[in-house]
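See below for the structure under consideration.
Each reported figure results from applying straightforward, stated rules to the coordinates on display, with no laboratory input. Bear in mind the structure is a predicted one, so any value in this text is a computation, not a measurement. In this analysis, Cβ positions are derived from the backbone assuming ideal geometry, glycine residues included, and neighbour counts consider all displayed protein chains.
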Amino acid sequence: MYWLGIMLSFRRIVVLLAVVASGLSPKAAAQRIVSLNIDRTHCINDSLIISIGYATERNVVVENPPRSISHPQCTFLPDGVVCDSTVGTCTYRSPVTFTAYNRGAVVTSAQDIDFVRLKIEHTWMADIFIALECPNGQFASLMNAMQEPKGCGDAKFDSLVGWNYDYGTVSASTHLGLSNRDDHLPYCDTSSNPPGEGWNYCWSENNSHQYAPKDGLIYRYENRIINVMGITIDSTHIAADTHFYRPQQSFDSLIGCPLNGTWNIVVQDSWGCDNGYVFDWELSLLAIEQYIVPHVDTVEWGGASDTWNAMTDTTFLLVPPATDTTISYALRVALSSGDTVDTAFSIHWVEPYFETVTDTLCIGDTARWNNLFFTADTLHLIRDTTYLGCDSVVDLSYTFMPTYNLHDTLPYCANEPFMYEGIDYGGPTTIVVPHLTQYGCDSTVTAHLVVIDSAFRLQLQMSTDGVVWSADTVLHGCLPMTVLFRDTTLFEQWRQWSFGDGDTLSQIVSGFRWTIPITHIYDSVGVYSLMLKAVSIHGCVDSLILREDAVQVHSSPEAAFYWSPTEIVSHDPQTQFINLSIPMDSLNFLWNISTGEGGVDTTSAVAPHYQWTNGSGDMDVTLFAFWPHVIDSSMTLVCVDSMTHTVTIVEEYLRFPNLVTPNGDGINDCWVVDNLLECGLYSMNELWIYNSWGVLVYHVRDIRHQEDFWDPSGLPDGTYYFLFRAISDYGLVKHNGVIEVIR
């Protein structure tokens, strides 16, 4: 790059001159309706769908909008001065305007820009910046300037100065086109600075074009050629669609740009002393179908207007009138540019002719319509058109119904009726019934009835013990009552039990006898019926209600009691039992009272008072409550309940040992007051222990645990003295004594 710096040092440094192209922006030509293909005579039984758009198969065809617009104007890019003081900028802009897209349509991807073509000649390609600017000001750089702007106050694109790609040995003197390299004064005089030969340069990110070498990057060394004018970048071959370049800044930067509006090519010379010419430029946007569809605004007929009833953006439905009439329509097509295209047409709605002749006859009859005769089922269409061309049809439909004499053997279920025309034939027989069909055709039905399930008879049994089964008697039981049911029916396929208390049970038998009993528990007092419903393997249905009062559940008593006092001591082991059973007035009682040592006393008293004679311990007491229910003169049902409690008689006498052996063998190591913890009557107590010299060696209050008693393991053998005091509901206990400690 050293030689590049040397070359730059010899260049003239002048003020950059901005020139803006004058004249109006080229626009798309106004669109128009190019064809109207509508049947002017239409039948009132056919709706007419009118479609509007750019395809030739549509009824109303609008001229297609252009895909590209060019600006053919040769513009001088002078060197170093502003030639047009009314513009006063350094930047060349040339506009083109698109109007054919839908309102609000925007660029959604880089592919929407088909290509940008610029025909230009300029010396020193490193001096210029070229960009595409969309209607809202967004732009994409096509080619950056290498040089920092000099003498140009409106250098809008300073941030993009400098080539971003590896340009190898490209010289700053590389030219665009076959340029006129001589600059002459005055700089604004085009006759002193005639144009060279412009070449086309196209930029695109649409892969349908063929890119220049190295993926179309314009700054790569391989993308230049040498001609007699010097080093010059190769131009795009428009006809062959080759040698396209990728823009320096992706067209993704144009996403969100409005498609409609004024687009500009921007050329900025960022350094003085080299001039050139822009001959023309062209912008091609892809004609994306959804962006260029016109839409229907209003339709008028009969002198009145109404909002258009659109089926899609470009399709609407003309609803025919009810009668023969002619209606005039005025159609307005609103284009995305805001322009409207109007047309008018009229339709004569004509009435077609249609008749349907339908009849039903019996075989052997003859149908006639005009001079046509029919003796078999007929579907016959007579087609014609009215004088105005509407399709008309006469539809003949004749059906000939047969007469018949049916013979068949019909199975029937023995326990079910066999109904035919309101008569129950319910038995083996032959029936012959004359019959007229609904169309009056004489027929006969002959049927032979045969029983198919003579062995299918429902049978069931019930029991409370699973041993004695009752077939047709009432079962009585106490609440809760468990009943076993057994079905002995032959040839069942499915059965359902109904137990009378709202519960049911369904079972699939699969054609075999199933005699295993089922169990049901009745948990409410009452009288219950029992029903069995079954389906035989032939599909016959039968049901059996054993009895309306098959099961009677009677009330059971509730046995309950307690006693007072609850704390019973061995010196006075007696208590009063209180009976809480329900219902007291209807019950009989039996008490079993354990006497200790395996003995039991019994009594039938309602609430006995009892005294034990065999010391202390746990005594089981059971109360049996009996509730007799008189079923009849020969049967009484007794329902029973019982409750058992354990009564504890505690030993309240305290024993004070006079010897303790704290030798660590786990036997008599501590001095313990027997029955103090076991009976629990003397919870308020106090213990003092003294040695033979009268010194207090141990003191404790309210002994609750085994660990609270005296452990003399740390004291010498000898004689000790204790003093014990306790109080309970049975009075005050005072005891003094001697304790010998021997190891």
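Of all the Cα-Cα pairs you can form in the stretch 405-451, what percent are over 12 Å apart?
62
Just to be sure I understand the curve: with the Debye formula and one point per C-alpha of the stretch 688-743, what is log10 I(q)/I(0) at q = 0.14, 0.21, 0.22, 0.25 Å⁻¹?
Cα-only, vacuum Debye calculation for the stretch 688-743: -0.43, -0.87, -0.94, -1.12.
So, R0 is 25 Å and r is the distance between the beta-carbons of residue 656 and residue 578; what FRET efficiency does that work out to, to 0.05?
Calculated value: 0.05.
Determine, for 119, 734, 214, the number of other Cβ atoms within 10 Å of each Cβ, and report the residues in order from fewest to most. If you can, show how the numbers build up before the last one.
Numbers: 119 24, 734 9, 214 16.
With the fewest neighbours first, 119, 734, 214 line up as 734, 214, 119.
Treating the Cα atoms of the stretch 585-743 as identical point scatterers in vacuum, please give the log10 of the normalised Debye intensity I(q)/I(0) at q = 0.13 Å⁻¹, two decimals.
-0.75
Considering all alpha-carbon pairs of the stretch 354-401, what whole percent are spaced by more than 17 angstrom?
Taking all Cα-Cα pairs of the stretch 354-401, the fraction more than 17 Å apart is 37 percent.
Report, to two decimal places, the Cα Rg of the stretch 393-489 normalised by 2.2 N^0.38 Å (N = number of residues).
Dividing the Cα radius of gyration by 2.2 N^0.38 Å gives 2.05.
Using Cβ counts within 10 Å as a stand-in for footprinting exposure, how do 554, 435 rank, fewest first?
Starting with the residue having the fewest Cβ neighbours, the order is 435, 554.
Where does each of 314, 190 land when they are ranked from fewest to most other beta-carbon atoms within 10 angstrom?
190, 314
Counting other Cβ atoms within 10 Å, which GluC sites (Glu not before Pro) in the stretch 460-558 have at most 13 and lie in a DSSP loop? Let's see the in-between values first.
Details: sites: 492, 548, 558; in loops: 548.
When the GluC sites (Glu not before Pro) of the stretch 460-558 are filtered for loop state and at most 13 Cβ neighbours within 10 Å, 548 remain.
Rounded to whole Å and ordered largest first, report the semi-axes of the equivalent ellipsoid of the stretch 561-650 derived from its Cα gyration tensor (root of 5λ).
Those come to 30, 13, 9 Å.
What number results when the radius of gyration of the stretch 663-716, computed over Cα atoms, is divided by 2.2 N^0.38 Å?
Values: Rg = 12.2 Å, N = 54, 2.2 N^0.38 = 10.0 Å.
That works out to 1.22 for the stretch 663-716.
Against the empirical 2.2 N^0.38 Å scaling, what ratio does the C-alpha Rg of the stretch 460-554 come to?
Details: Rg = 13.1 Å, N = 95, 2.2 N^0.38 = 12.4 Å.
Taking the Cα Rg and dividing by 2.2 N^0.38 Å, one obtains 1.05.
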